[in-house]
Each structure stands twice: as structure tokens, then as C-alpha cells.
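Here the structure is laid out as C-alpha cells; the discussion comes afterwards.
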Amino acid sequence: MKILIIEDEKLLADSVCELLREKGFETEAVYDGKSGKEYAELGVYDLIILDVMMPEMDGYSVAARLREERCSAPILMLTARSEVEDKIEGLNAGADYYLTKPFDSRELLACVNALLRRNGGQVNELSFGNTALDLESGRLIRGEESVRLSAREFDVMRVLMQAKENNVSKETLLTKVWGYDSNAVENHVEVYVGFLRKKLSSIGSNLRIEAIRRLGYHLEAGNDKEA
């Protein structure tokens, strides 16, 4: 399960990340509302933990924009505001639960687990054309054929499978897969796209990773390759 933490208090964000990692979750943290919205829009997170008072864009606005764009991931809103009106505003903006700071780590974990259970419709795979990406095993599957992906290949493929026909820029892939602080360059993206193309072909997938100059990559599904 992947969880995104959007929180401008870096120490708090990083401590929440560490707490959740210890419980087996994969986590990422960003420290302002605008960047958080951009990360969340990638659609690869199973849960979003969202602060209210942040630079660039507040949590209410982030939640509202994500819901307008049909982001269905549960949103756990964190805030020091405890008035009923504040909670109502958060819930109306699209949050699923509202947790007041300071909070006990056990309460946070209980909320996270409850929201993930409630959202039990979480899919275990992403599919497009005749091919599926199994999110638990990290395998690409076409019929009875399958191939295991490396961790980096999996992350690149997951972003592309979520976007489907929509273009994903190299910059977005670098940020999402390698991270803001990475020294990776666009050539790294090209290399992993090449790996994925070979693995798609090896299982007879009808998916093609198409490159559009200056716009990035998107998926296209052709005719099945079955004999």
C-alpha cells in the first residue's frame, strides 16, 4: 500500500512516514499543497494524509481539487483546528476523516487502517489492453504469460498504466519514480522505458509505450498478439 503525506511541518511529515514504513506501508512526503496535489494526481496512492494549513495551497483546496478530478483515494485530513465548523469544511471539501493535532500514533494508525478497510474495493492490479500489472507481485501479466519487473520498472509502469492514453512527461516520471532530490536525468527514464518495452513484447502484450516529443510517454493498445 502506498501512502502520500502532504504536510509542511517536515519533522512531523517525516516521522509519520517512518511510523507507517515500520508498519509495512510504502510512503512519500511532500511539504506544500501545490506539490502534494501534483503527486496525488498521479493516482498511484492508496491513501492521502493531508494537512490543512500549508504554503502554496491549503488542504481544503487540495482535497476539493482532487475530488473534482475524480481522485478516489481516501483522504485523512490533519489539522490543529478542532472546531466543528473546521471539521465540516474539511469533510465537505472531500476528506474522509478528520484527525486533530496533536494525535497519538496509535490513533493515526487506527484511522489509516480503518480508511483502507473501508476502501476495500482497492484493486490489486491495473489493466489496459490485454495486459495487467499485478500490484502485489510486481508482475506484468498477459493471459498465462507473465514477467517480473524490477522495483524501478514497476514504479514507471504503474504511473503509465494509471495514466493510460494520457501523456506522462519525463519530468513527472523522474519526480515520481526517482524523487525530487535524485540525480537521475531523462536518460534514466528512456532506459527503463526500453526495458519495459522488451518485457511487454516478451509476454505477447498488445501494449505499446509511445513517445511524443516534449510531451512524454503514453500507452496504446493494439490488436492481440496471440497466434
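The values are calculated or read from the model by the stated rules, or taken from the named source; none is laboratory data. Keep in mind that what you see is a predicted model, and the values were worked out from it rather than measured. Virtual Cβ from ideal backbone geometry, glycine too; neighbours counted across all protein chains shown.
Only residues that are crowded, with 18+ Cβ neighbours inside 10 Å and either more than 22 Å from Arg117 (Cα to Cα) or touching a Gly at 6+ places or on another chain (Cβ under 6 Å) (or both): list them for region 43-56, please.
Passing the criteria: Leu50, Asp51, Val52, Met54.
Given the residues Arg117, Arg70, Arg65, Arg106, which is the only one that is closer than 25 Å to Thr175 by Cβ and surrounded by fewer than 16 Cβ atoms within 10 Å (Cβ to Cβ)?
Arg70
Does region 30-47 contain at least one residue that is part of a strand (DSSP E or B) and not aromatic (Phe, Trp, Tyr)?
Checked region 30-47: at least one residue is part of a strand (DSSP E or B) and not aromatic (Phe, Trp, Tyr).
Identify all residues within region 33-76 that are under 10 Å from the mean Cα position of the chain (by Cα) and among the β-branched types (Val, Ile, Thr); write none if there are none.
Val44, Ile48
Would you confirm whether or not region 89-102 contains a residue that is of a type outside the set (Gly, Ala, Ser), under 17 Å from Tyr45 (Cα atoms) and surrounded by 14 or more Cβ atoms within 10 Å (Cβ to Cβ)?
yes
What do you reckon, is Arg208 outside any strand (DSSP E or B), basic (Lys, Arg) and in contact with a strand residue (DSSP E or B) (Cβ under 7 Å, 6 or more places away or on another chain)?
For Arg208, the condition - outside any strand (DSSP E or B), basic (Lys, Arg) and in contact with a strand residue (DSSP E or B) (Cβ under 7 Å, 6 or more places away or on another chain) - is not met.
Let me confirm something: among Ser146, Ser127, Ser137, which residue is outside any helix (DSSP H, G or I) and within 21 Å of Ile3 (Cβ to Cβ)?
Ser137
On the basis of being in the same structural domain as Ile203 (by TED's automatic domain parsing), in contact (Cβ under 8 Å) with a residue 24 or more places away in the chain, among the small types (Gly, Ala, Ser) and touching a Lys or Arg at 6+ places or on another chain (Cβ under 9 Å), does Ser146 make the cut?
Spelling it out, Ser146 is indeed in the same structural domain as Ile203 (by TED's automatic domain parsing), in contact (Cβ under 8 Å) with a residue 24 or more places away in the chain, among the small types (Gly, Ala, Ser) and touching a Lys or Arg at 6+ places or on another chain (Cβ under 9 Å).
So Leu200 passes all but one of these: (1) within 18 Å of the chain's Cα centre (by Cα); (2) crowded, with 19+ Cβ neighbours inside 10 Å; (3) over 30 Å from Leu99 (Cβ atoms). Which condition number does it fail?
(1)
Search region 103-116 for residues that are under 16 Å from Glu18 (Cα atoms) and in a helix (DSSP H, G or I) and pair each with any residue that is hydroxyl-bearing (Ser, Thr, Tyr) and modelled with pLDDT of 90 or more when their beta-carbon atoms are under 9 Å apart and the residues are at least 6 apart or on different chains.
Ser105/Ser15
What's the total number of residues in region 174-196 that are farther than 17 Å from Gly129 by Cβ and modelled with pLDDT of 90 or more?
Summing the residues that are farther than 17 Å from Gly129 by Cβ and modelled with pLDDT of 90 or more in region 174-196 gives 8.
What number of residues in region 7-36 are without any contact (Cβ under 8 Å) to a residue 60 or more places away in the chain, surrounded by 17 or more Cβ atoms within 10 Å (Cβ to Cβ) and in contact with a Ser or Thr (Cβ under 8 Å, 6 or more places away or on another chain)?
Qualifying residue count, region 7-36: 2.
Give the number of residues within region 150-159 that are out of contact with any Phe, Trp or Tyr (no Cβ under 6 Å at 6 or more places or on another chain), under 19 Å from Ile212 (Cβ atoms) and at pLDDT 90 or above.
1
Looking at (1) without any contact (Cβ under 8 Å) to a residue 24 or more places away in the chain; (2) under 18 Å from Val177 (Cβ atoms), which one does Lys2 not meet, given that it meets all the others?
The one condition Lys2 does not meet is (1).
What are the pairs, 6+ residues apart or on separate chains, where a residue within region 71-95 that is part of a helix (DSSP H, G or I) has its Cβ under 8 Å from a residue that is modelled with pLDDT of 85 or more and among the polar types (S, T, N, Q)?
If the second residue must be modelled with pLDDT of 85 or more and among the polar types (S, T, N, Q), the pairs left are Ala93/Ser61.
Only one of these is under 18 Å from Thr175 (Cβ atoms) and among the aromatic types (Phe, Trp, Tyr): Tyr45, Tyr60, Tyr98. Name it.
Tyr45
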